Amino acid sequence: MSKIFSVNPDIWQLLPELEIGLVYGYRHESIDKVPIDLLTKANQQALKWVIEDPISANPVIKSWRDTFQKFKTKKGAHCAVENLLKRAKQGKAVKPINGLVDVYNSVSLEMAFPIGGFDLDKVHGNLTLLVAKQSEDFLAIGESEAEKTLVGEIIYHDDDSVLTRCLNWRDSTTTGLAATTQNVAFLIENNDPLRHADFLATINLLQKRLADFLDIKTTSNVVNQKQDSCELS
């Protein structure tokens, strides 16, 4: 059964210019031809986005920080791509995890867009981006104890639970990508209309690397205020 990704209308009231690229496909075989130096090169290329000090002075970072001021966030939460770029700038390079994660991290670093990935077989029902109306338990990847989400956060949610916090700042253990994941979906977020062409190029680059390195043929869609949903199948 196919799943639907949709954006609740309350999101557009806060972030009317937000657009989300969806890339999804099925991995028939566990082929992994990811170059050993893929992330090393991506970390080096990421430095062009964070030339200025402090890191918040760089346009791509400032833009997302301004966006995060428009909704409720946990203290210290920043856009997912800021975390990656900051590590590259500090010489704390993003390291390999598994082929699926490495590919989307490499694209995120090189193109400076936040990207998240989901194992669609673990998504219960449909996937929705919404403004949280209640506090819920959330167990982030790498954490041993659940925390409570905040009312007013922007979250990705399936029919049962919270899958990410503060857009895709933190991912849940529930639907994280593993080396054995087959049914995959990736979300690329853009908050800047001036970067629309780069955003489309990022979608294309992610699709190319998934095909070249992991033999995954994918479909893509863009969701925005004019087209607020799409089918993931």
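The values are calculated or read from the model by the stated rules, or taken from the named source; none is laboratory data. Computed from a prediction, not measured in an experiment: that's the story for all the values here. Glycine also receives a Cβ, built like all others from the backbone with ideal geometry; neighbour counts cover every protein chain displayed. What goes into the accessible areas is simple: the full protein's heavy atoms, side chains included, and nothing from ligands, DNA or RNA. Shrake-Rupley method; radii C 1.70, N 1.55, O 1.52, S 1.80 Å.
Among the residues making up region 95-123, a single one is of a type in the set (D, E, K, R) and within 21 Å of residue 18 (Cα to Cα): 110. Counted as qualifying within region 1-120 are the helices (runs of 4 or more DSSP H) with 1 or more residues that are open to solvent by less than 20 Å² (accessible area, probe 1.4 Å), polar (S, T, N, Q) and in contact with a Leu (Cβ under 8 Å, 6 or more places away or on another chain), namely 38-46, 59-68, 99-111. Here residue 191 meets the list (1) free of Cβ contacts under 8 Å to residues at least 40 places away in the same chain; (2) open to solvent by less than 50 Å² (accessible area, probe 1.4 Å); (3) among the polar types (S, T, N, Q) almost entirely, failing just condition (1). Of all the residues in region 135-157, those that are open to solvent by 50 Å² or more (accessible area, probe 1.4 Å) and of a type in the set (A, V, I, L, M, F, W, C) number 5. The single condition among (1) at pLDDT 95 or above; (2) out of contact with any helix residue (DSSP H, G or I) (no Cβ under 7 Å at 6 or more places or on another chain) that residue 15 does not meet is (2).
A quick yes/no check of all residues on (1) open to solvent by less than 60 Å² (accessible area, probe 1.4 Å); (2) at pLDDT below 95; (3) of a type in the set (Asp, Glu); (4) not in a helix (DSSP H, G or I):
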| site | (1), (2), (3), (4) |
| --- | --- |
| 133 | no, no, no, yes |
| 159 | no, no, yes, yes |
| 204 | no, no, no, no |
| 226 | no, no, no, yes |
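Residue 98 falls short on exactly one of the conditions (1) over 25 Å from residue 197 (Cβ atoms); (2) more than 17 Å from the chain's Cα centre (by Cα), and that condition is (2). Among the residues making up region 206-224, those that are touching a residue at least 12 places away in the same chain (Cβ under 8 Å) and not in a strand (DSSP E or B) are 206, 207, 209, 210, 212, 213, 214, 215, 216, 217, 224.
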